[in-house]
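The values are calculated or read from the model by the stated rules, or taken from the named source; none is laboratory data. Predicted, not measured: the structure shown is a model, and the values here were computed from it. Using ideal geometry, Cβ is built from the backbone for each residue, glycine included, and neighbour counts are taken over all protein chains shown. Please note that ligands, DNA and RNA were not included when accessible areas were found on the heavy atoms of the full protein model with its side chains. Shrake-Rupley method; radii C 1.70, N 1.55, O 1.52, S 1.80 Å.
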Amino acid sequence: MELTIECQTRPAGSKPNALRRSGLTPAVIYGHNGTESLELAVNTKTAEMLIRSAAVNSSLIDVTIPDLSWNGKALLREVQAHPWKKSLYHLSFFAVGSHASLEVDIPLRLVGEPKGVRLSGGTLDQVLTSLHVRCAPDNIPDTIDIDVSGLDVGDGLHVSELTLPDGVVATGESERIVASVLAGRGGGEGASESD
């Protein structure tokens, strides 16, 4: 699904609370012109609809700023909202060039039933729910599916063992455990049922 948002430049001297009262949410975009940042304002209803579908650090959004005649792809970097009212305070975007690689967090989805769960009553323990990766802006996967059907009791799957989509590289600790199968209650290591 393509995510788009239209922003306007924030009037000089405008106060964030006054913007919010007028139905606008303060925002900022970094990197749209080198290292320069630009203060923006976004229609609050539009911003609320956007963040229902977008995920921080993994959703690429088409950002348009008509009063600057600028548009481009940007990553949603930060959403500030009231803790329980959920009203928006501020959005941050990071503009990405068409050839740049960037680092994003991608949700991990476990697929299949481990044989240690199916045959030995073990329990699947998902340690990592997302993976920090580097990839091109137009190659950001929505999720990374991980087949865990071969895991037995006592087995663990490490980051280094994952099959990632082409052009996607995991960053960080390659020996971190993604998921493992733990022995079930009462089933110790000496579960002597047939192999």
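Check region 63-81 and report whether any residue there is part of a helix (DSSP H, G or I), touching a residue at least 12 places away in the same chain (Cβ under 8 Å) and among the acidic types (D, E).
The answer is yes; a qualifying residue exists.
Out of R134, R118, which single residue is within 30 Å of D62 (Cα to Cα) and open to solvent by 70 Å² or more (accessible area, probe 1.4 Å)?
None of the other options fit; the residue is R134.
Output the residue which, of all residues in region 40-55 that are of a type outside the set (S, T, Y) and surrounded by fewer than 15 Cβ atoms within 10 Å (Cβ to Cβ), is modelled with the lowest pLDDT.
The residue in question is R52.
Return only the number of the condition from (1) farther than 30 Å from L102 by Cβ; (2) without any contact (Cβ under 8 Å) to a residue 40 or more places away in the chain; (3) loosely packed, with under 15 Cβ neighbours inside 10 Å that G167 does not satisfy.
(1)
Collect the residues in region 82-106 that are touching a helix residue (DSSP H, G or I) at 6+ places or on another chain (Cβ under 9 Å), in a loop (DSSP other than H, G, I, E, B) and open to solvent by 70 Å² or more (accessible area, probe 1.4 Å), keeping them in residue-number order.
Listed by number, the residues that qualify are K86, S98, H99, S101.
Go through (1) surrounded by 13 or more Cβ atoms within 10 Å (Cβ to Cβ); (2) under 15 Å from the mean Cα position of the chain (by Cα) for D155 and report which single condition fails.
The number of the failed condition is (2).
If I filter region 58-98 down to residues being farther than 27 Å from T129 by Cα and of a type in the set (A, V, I, L, M), which single residue comes out as modelled with the lowest pLDDT?
Here the residue is L68.
May I ask you to say which residue of S22, S69, S101 is under 27 Å from D142 (Cα atoms) and of a type outside the set (K, R)?
Exactly one residue qualifies, and that residue is S101.
Taking only pairs six or more apart or across chains, which ones have beta-carbon atoms under 7 Å, a first residue in region 9-21 that is closer than 9 Å to E39 by Cβ, and a second residue that is of a type outside the set (S, T, Y) and assigned to a helix (DSSP H, G or I)?
T9/D67; T9/L68
If you check G31, G13, which single one turns out to be on the phi > 0 side of the Ramachandran plot, of a type outside the set (D, E) and part of a strand (DSSP E or B)?
Result: G31 is the single residue among G31, G13 that is on the phi > 0 side of the Ramachandran plot, of a type outside the set (D, E) and part of a strand (DSSP E or B).
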